């Protein structure tokens, strides 16, 4: 297949999927809000619009997961060393997340000053905190590599 045609087809696919997503988002925006009656909200939740939105979202999520796995397999075949390092990086991030999850957090609904109608389970707070700590650690490590990487390169020479 010609690379120009392939790029054209991929652009059409991207624009089409984004267009469908925007149209479906307009269904949500045009739907009932919290000030409407419960009956109106229930009709919307069980209606065709919400079903289309949910189905499209599920399709996008599963297609993305499939493409990610396909990408890793193709990269593993064509460039195994870098791909294995990428997979190791993902596993290190997972282990770091699980470590922060096991440590837990001292945050509670009260210390986060959540309203009484917005209370969440302690597990949700723990997993969110672990995710935030993992991202902050990753950003810090990336900054350290960006700052000290060139210095170490000069030091080796």
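Look through 71, 6, 59 and report the one residue that is modelled with pLDDT of 90 or more and not assigned by TED's automatic domain parsing to the domain that holds residue 132. Full working, then the answer.
Details: 71 fails: modelled with pLDDT of 90 or more; 6 fails: modelled with pLDDT of 90 or more.
After ruling out the rest, the residue left standing is 59.
Return the residues of the range 81-125 that are in a helix (DSSP H, G or I) and in contact with a helix residue (DSSP H, G or I) (Cβ under 6 Å, 6 or more places away or on another chain); say none if nothing qualifies.
Hits for the range 81-125 are 83, 96, 97, 100, 101.
Surrounded by 12 or more Cβ atoms within 10 Å (Cβ to Cβ), at pLDDT 85 or above and outside the structural domain of residue 20 (by TED's automatic domain parsing): which single residue out of 98, 114 fits that description?
Only one candidate qualifies: 98.
The values are calculated or read from the model by the stated rules, or taken from the named source; none is laboratory data. Quick caveat: nothing in here was measured; it's all calculated off a predicted structure. We place every Cβ from the backbone using ideal geometry, glycine too, and count neighbours over all the protein chains shown.
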